[in-house]
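*Asks:* What follows is a single structure, and I will ask about it in a moment.
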Amino acid sequence: MKAKIFIILLVTFGFLMWVLRDINVHEAMLAVQNTNPIWVCMMFLGHLCSHFLRSLRLWILLEYKTSYHRVFSINTIGFLAINVMPMRLGEAVRPYLFSEREKIPFGEGLAAIFMERLLDVLMLLLMLMVMGFVISLPEQGLEIAGIDVVQAGQTAAAGIVVMGIIAIIGLIFVGPYILSWLSRFLFLQPLLNMANKFRSALITLFSNPLRAGGLVLLSMIVWLLTISSVMMALWSFEGLPHGFDAAWSCWTVTLAGMTAIPTPGFFGVYELCCSKVLSLWGISQTLSTTFALFLHLGQLVFITFLGSGFMIAEGLSLRTLSVRPKE
C-alpha cells in the first residue's frame, strides 16, 4: 500500500513539475493580484449553489431517509475526503457515514452514490460530445502527452455509462439467481446482505420514471452552475476569454482528465488539462497555468473550509474515516 501511495505521489509531482516548468513567477503573482474580487466572490457563490443542489440530488437518491441538513453535512465531508485521499478512496466515506451516523444500510448508501456518479459521468459524456460544437478543436484533436483527451474522455465516459447500465440491468434481473447461489457460502453473507440492499435500492430508484427524469434535469443544472462558476473565475482575470464556450471547454476537459487520472487532490492533471484548453485561445503558458492553479485552489479551499467545519461539528477527523461497512 505504501508503495502504491508513493507511486501516486510521484506521478502527481511529475504532472506538477511538467505544468510549472515554464511559468514566470512574477507574471503569475501579478495576474493574481489583479483579479477582480467581485467575480471571485461570485465564483465561490456558484460553488456553494452547486453543492446545495448536489446534496439535494443525493437526498432524493436516498429516498429522504434522513434530513437534508444531515445529507448536506455528510456530503460535504465526503467531498473533502475525495479531494485529499488518493485513488478516489474518499468515495466510500459517504455511504460509510450514512451507515454509521444515520443507520442507512451501507448497500443503500452505496447504490445512491453509484447512481450519483453514473449521472455525473453521463453529464460528462454529453458535455464532451457537445464540445466540438462549442469551440473549434484542432484537426489533430486536443492532445496532451500525445493523447487526444476529448476523444479519450468520450470513449472512457461512454464505456463507464454502458458498463454501469449493464451492471444495473444484470443486478436487477439476474442478481437474485447469482445471490441465491452464493448464499451457500456462509463467509460471504455480510457481502451478500450489502448486495441485496444495493439491488433493492436500485429497483426503488428505477420504479419512478418521473423522478429519474427529474434527477437527470437536476444533474444538468448542477453542471451548468459549475460551468458558470468557472466562467466567473475567467471574468476575474485580465486577458482571458470570457465566453461560456471557454468555461465549458475548460471544465469539461479538466473533468475528463481528473476522471482518467485521479491524483491526490487532482493536482497536476487538473492544471495540465485546464491550461492546455486555454492555449486554444492563444493564452500564454504562464497566464493559463496561473488561472488553472487559481481555479483549482479556489475549489479546494471552498470544499476544505466547508468540509472541515462540518467534520469538526461531527467530531470526526480524516484519520477516523476508516471505512468498514456495517449493516
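The values are calculated or read from the model by the stated rules, or taken from the named source; none is laboratory data. What you are looking at is a predicted structure, and each value in this text was computed from that prediction instead of being measured. Cβ coordinates were reconstructed from backbone atoms using ideal geometry, including for glycine residues, and neighbour counts include every protein chain displayed. Only protein heavy atoms, including side chains, enter the accessible area calculation; ligands, DNA and RNA are left aside. Shrake-Rupley method; radii C 1.70, N 1.55, O 1.52, S 1.80 Å.
*Asks:* Can you pull out the residues in region 180-227 that are polar (S, T, N, Q) and part of a helix (DSSP H, G or I)?
*Replies:* Answer for region 180-227, where residues must be polar (S, T, N, Q) and part of a helix (DSSP H, G or I): Ser180, Gln189, Asn193, Asn196, Ser200, Thr204, Ser219, Thr226.
*Asks:* Tell me, which helices (runs of 4 or more DSSP H) lie completely within region 21-113 with 1 or more residues that are open to solvent by less than 30 Å² (accessible area, probe 1.4 Å), under 23 Å from Ser229 (Cα atoms) and not aliphatic (A, V, I, L, M)?
*Replies:* In region 21-113, the matching helices (runs of 4 or more DSSP H) lie at 37-61, 68-84.
*Asks:* Which of (1) under 17 Å from the mean Cα position of the chain (by Cα); (2) not in a helix (DSSP H, G or I) is the odd one out, the single condition Gly239 does not satisfy?
*Replies:* It fails just one condition, (1).
*Asks:* Just name the residue that is nearest to Ala152 (Cα to Cα) out of those in region 241-260 that are crowded, with 21+ Cβ neighbours inside 10 Å and among the hydrophobic types (A, V, I, L, M, F, W, C).
*Replies:* Ranking the candidates gives Ala256 first.
*Asks:* Is it true that some residue in region 151-165 is open to solvent by less than 70 Å² (accessible area, probe 1.4 Å), at pLDDT 70 or above and closer than 17 Å to Cys274 by Cβ?
*Replies:* yes
*Asks:* Of the conditions (1) under 30 Å from Ser73 (Cβ atoms); (2) modelled with pLDDT of 90 or more; (3) in contact with a Ser or Thr (Cβ under 7 Å, 6 or more places away or on another chain); (4) open to solvent by less than 30 Å² (accessible area, probe 1.4 Å), Phe310 fails just one. Which one is it?
*Replies:* Answer for Phe310: the failing condition is (4).
*Asks:* Being at positive phi and either of a type outside the set (Lys, Arg) or part of a helix (DSSP H, G or I) (or both), is that true of even one residue in region 276-296?
*Replies:* Checked against the condition, which is being at positive phi and either of a type outside the set (Lys, Arg) or part of a helix (DSSP H, G or I) (or both), region 276-296 yields at least one hit.
*Asks:* Identify, from the list Thr254, Thr286, Thr226, Thr259, the residue that is farther than 23 Å from Arg94 by Cα and touching a residue at least 60 places away in the same chain (Cβ under 8 Å).
*Replies:* None of the other options fit; the residue is Thr286.
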